[in-house]
1. Name the residue, out of GLY276, GLY251, that is open to solvent by less than 50 Å² (accessible area, probe 1.4 Å), outside any helix (DSSP H, G or I) and under 13 Å from GLY69 (Cα atoms).
2. Pairs under 8 Å by beta carbon, first residue over 21 Å from GLY50 (Cβ atoms) and outside any helix (DSSP H, G or I) in segment 17-28, partner open to solvent by less than 40 Å² (accessible area, probe 1.4 Å) and among the polar types (S, T, N, Q), six or more apart or different chains?
3. Can you pull out every residue in segment 117-145 that is in a loop (DSSP other than H, G, I, E, B) and modelled with pLDDT of 90 or more?
4. Given (1) on the phi > 0 side of the Ramachandran plot; (2) assigned to a helix (DSSP H, G or I), identify the lone condition not met by GLY101.
5. State the number of residues belonging to segment 169-202 that are open to solvent by 10 Å² or more (accessible area, probe 1.4 Å) and not basic (Lys, Arg).
6. If I ask for residues that are among the hydrophobic types (A, V, I, L, M, F, W, C) and open to solvent by 40 Å² or more (accessible area, probe 1.4 Å), which ones from segment 254-273 would you list?
7. Go through (1) within 27 Å of ALA196 (Cβ to Cβ); (2) in contact with a Pro (Cβ under 7 Å, 6 or more places away or on another chain) one by one and return the number of the condition TRP171 breaks.
8. Check ALA152 against each of (1) without any contact (Cβ under 8 Å) to a residue 24 or more places away in the chain; (2) open to solvent by 50 Å² or more (accessible area, probe 1.4 Å); (3) not in a loop (DSSP other than H, G, I, E, B) and name the one condition it does not meet.
Amino acid sequence: TAAFALFLFQMVFMDTTATVPTGGVAERWKFSAFMIYGFFIGSFMYPIFGNWVWGGGWLSQMGVNFGLGHGHLDFAGSSVVHLQGGIISLVFAWLIGPRYGKYDKAGKLVHPITPHSIPMVMLGTFILAFGWFGFNPGSTLAGTDFRIATVAVNTMIAGSTAALATTLWVWLIRTKKPDPSMMCNGMLAGLVAITAPCAFVSVGGAAIIGIVSGILVVESVFFWDRVGIDDAVGAISVHGVNGAWGCLSLGLFADGTYGDGFNGVAGNVVGLFYGGGMNQFWAELI
């Protein structure tokens, strides 16, 4: 039964990884190309990376083998799911090139291509946000693990603070007006970032992680536009950049209240800001 539960979770996680790039390069690739790509990520790329982290592979064993904390930890997929999907989005967007009309012949940004329906953007965002409460708390994979409550609250807090931080950053610093589509990306960025450390950080830590991710996603969107990478929905910024931030934040904000025995290492997981030194951070960085 445990194997079936893990298989079902991994199948859905793989599917999430596979669909992240469909947003980044929306409108620019054939369905047949997506099917070929889907086969390779489902059969090779995701299983290899997933086993490095969750199947006893070399990333998970850096604690046992090299003394780097508990090895690479990723509670629900900031690296395996989101960072991987975001990096693939970056590669695809670079290879395929921008949509017609976004840049002129000199490669200078002409105008952003806006969503056809803000209500649809909002609806999709809240469907994703709702799904995250299966994604993160469900990753306990055991009804007896009461850490599930901490995971759920941290997930909510990070998504909310990120949405607020994005709203204020865009409104007060960037464009001087509120932007609902960017607000949605901010919420998703916070959810992506908290996915790795959700079980290991305090509520205060989750709020800080969310605030940072809310600002990061805005600056990242502007950066990729500036360098000529056309990311239709902000997938690189939401999933790639904040997937990386989520991993690093675990090495900074893990508060030492959870994780005893993870990856074969005794003691709870402690990050840099809680007196744990750099070891866990290095494992996340690697």
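The values are calculated or read from the model by the stated rules, or taken from the named source; none is laboratory data. This structure is a prediction, so every number in the text was calculated from the model and none was measured. Because the Cβ atoms are built from the backbone with ideal geometry, glycine has one as well, and the counts that use them run over all protein chains shown. Surface areas here come from the heavy atoms of the whole protein model, side chains and all, with no ligands, DNA or RNA. Shrake-Rupley method; radii C 1.70, N 1.55, O 1.52, S 1.80 Å.
1. GLY276
2. Matching pairs, first to second residue: VAL25/SER89.
3. SER117, ASN136
4. The number of the failed condition is (2).
5. Looking only at that region, the number is 15.
6. PHE262, ALA266, VAL270, LEU272, PHE273
7. Of everything listed in (1) within 27 Å of ALA196 (Cβ to Cβ); (2) in contact with a Pro (Cβ under 7 Å, 6 or more places away or on another chain), TRP171 misses just condition (1).
8. Here ALA152 clears every test but (2).
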